[in-house]
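Heads up: the structure comes next, in structure tokens.
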């Protein structure tokens with residue numbers, strides 16, 4: 001007699017359980033998006049009710065996301081730097097959703113906040129007592145002429161850490177380049193982790209130097225921004241580092257076209273004129289923006305982001321008071337990073353808990369905290385941390401100058417943060433600078 005393994009039995013039971021939980025159309029809390037923000041928020045909300053002695057029923061919280069996989073996107077820089085395999089940073093989304101949460105494997109098509117409901121792409125209407133929108137943003141690869149074709153061509157020398165499909169191509173291109181010009185780009189406007197375009201540049205520069213190619217390869221940074229970084233303290237340090245390493249700095253230059261056959265990149269300058277640049281290797285950060293289904297919804301502000309109060313994370317329209325948002329899809333005026341979510345999720349959780357219990361948000365307020373662990377070479381990292389107003393808010397500031405690259409910070413990025421993400425953050429148990437200790441609010 002053949003006896004199925006316990007793993008097979010467990011998976012079968014999980015599928016039956018998940019199916020039973022999603023055969024309903026009304027939920028206490030509906031979370032749109034199963035990314036970093038969605039998993040952290042859904043789990044923290046469940047845990048908050050349980051800690052208060054008011055545990056929710058299994059399936060009262062549902063995550064709506066059709067994605068097959070969940071990604072640890074900050075790890076893609078490590079892949080591009082040759083430090084990790086990209087398979088370390090991808091897991092099936094269903095494997096990360098605990099049995100007490102529902103996973104609805106669909107995407108949202110429209111919002112109807114006046115009815116406290118959403119409609120999925122299959123036409124299914126889901127209602128909620130409270131809604132959390134944390135569906136991320138979109139990378140506009142097609143906004144740069146010739147870029148999709150260049151990325152698909154293994155011989156083009158064009159790559160990007162901003163996609164799971166292409167992040168390993170970055171390392172291949174860095175290793176293959178023997179001489180010539182390596183160009184790294186950053187668009188103007190909002191992007192995920194605004195420091196990442198130069199992280200991979202610093203790592204490539206260091207790799208060239210360590211493998212006796214430093215005198216054969218020139219490195220240039222073309223950015224749509226006016227400075228190296230938005231926070232002056234760190235920008236000044238990074239610009240000095242750029243000058244010291246003889247890396248070309250070309251500010252307010254936006255990439256608009258890639259001609260991979262001739263290895264030419266076309267940039268548009270602030271005055272509208274264009275310039276063609278020859279390259280041997282080209283790392284591209286695509287322009288980004290809000291997702292279309294959010295942009296056209298009643299929840300969006302004029303720019304297309306979910307319009308929320310910067311402190312409470314509650315929607316700015318009083319008629320949509322049961323709607324909250326965090327992460328990349330929100331209008332929060334801070335850098336869009338996983339670190340920001342670690343500070344946003346506890347605030348959102350406390351305010352949703354209070355709202356559902358009393359009809360009012362609590363005293364929890366988000367101060368804009370975010371962080372950008374800026375790799376500046378192998379064994380070196382500048383830990384930029386700041387809040388609203390681009391004011392530094394440093395965890396280790398009283399012990400050391402975080403404006404200097406340090407080895408211990410490098411190990412945080414390379415080892416601790418990925419470990420903490422999979423072990424704790426996606427389970428709602430990681431609170432950023434507070435580690436495993438959930439903040440309390442008076």
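Brief remarks on what is shown
- Taking the square roots of 5 times each eigenvalue of the Cα gyration tensor of the stretch 314-426, largest first, gives ellipsoid semi-axes of 32, 15, 12 Å.
- Residue order, fewest to most surrounding Cβ atoms within 10 angstrom, among 250, 283, 70: 250, 70, 283
- Compared with the dominant principal axis of the Cα atoms in the chain, helix 36-51 is inclined by about 30°.
- For the stretch 139-289, the square roots a ≥ b ≥ c of the C-alpha gyration tensor eigenvalues yield an a/c under 1.5, which makes the shape rounded.
- Residue among 327, 214, 368 with the largest mean-square fluctuation in a Gaussian network model of the chain, springs linking Cα atoms under 10 Å: 214
- Per residue, the convex hull volume that the Cα atoms of the chain enclose (Å³): 169 Å³
- Virtual paramagnetic centre 7 Å along Cα→Cβ of residue 188, amide N under 18 Å, in the stretch 138-155: 140, 143-145
- Taking all Cα pairs closer than 8 Å and separated by 6 or more residues, the relative contact order of the stretch 73-226 comes to 22 percent.
- Listed residues 196, 51, 225, most fluctuating in the chain (Gaussian network, C-alpha, under 10 Å): 51
- Over the stretch 42-131, the pair-distance histogram of Cα-Cα distances with 5 Å bins from zero comes to 3, 12, 17, 16, 17, 14, 11, 7, 4, 1 percent, rounded to whole numbers.
- Exposure proxy ranking, count of Cβ atoms within 10 Å, fewest first, for 49, 251: 251, 49
- Relative protection proxy for 42-48, 436-442, from highest mean packing down: 42-48, 436-442 (other beta-carbon atoms within 10 angstrom).
- Across the stretch 327-370, the residues whose backbone nitrogen lies under 11 Å from the label position 7 Å along the beta-carbon direction of residue 433 are 343, 367-370.
- Burial order of peptide ranges 376-386, 402-412 (average beta-carbon count within 10 Å, highest first): 376-386, 402-412
- Distance-filtered residues of the stretch 341-359 - backbone nitrogen under 19 Å, label point 7 angstrom along residue 50 Cα→Cβ: 345-354
- Only helices enter the 222 nm calculation for the chain: every DSSP H run of n ≥ 4 contributes -39,500 (n - 2.57), and dividing by all residues gives -8000 deg cm²/dmol, rounded to 500.
- Per-residue extension of 0.36 nm, minus the Cα-Cα distance of residue 274 and residue 109, leaves a gain of 55.6 nm for this segment.
- For the stretch 393-442, the Kirkwood radius over C-alpha pairs fed into Stokes-Einstein at 37 °C and 0.692 mPa s yields D = 265 µm² per second.
- Average silhouette area of the stretch 131-187, convex hull of alpha-carbon atoms, in square nanometres: 5.2 nm²
- Relative contact order %, the stretch 139-289, counting alpha carbon pairs below 8 Å whose residues are six or more apart: 36 percent
- Gaussian network model of the chain, springs between alpha carbon atoms under 10 Å - residue of 212, 314, 268 with greatest fluctuation: 212
- The chain: relative contact order in percent, alpha carbon pairs under 8 Å with at least 6 residues between: 17 percent
- Distance (nanometres) between label positions extended 7 Å along Cα→Cβ at residue 155 and residue 90: 2.6 nm
Values in this text are rule-based calculations from the coordinates and carry no lab data. If you're wondering where the values come from, they're calculated on a predicted model, not measured in any experiment. Cβ: placed from backbone, ideal geometry, glycine included. Neighbour counts: every protein chain shown.
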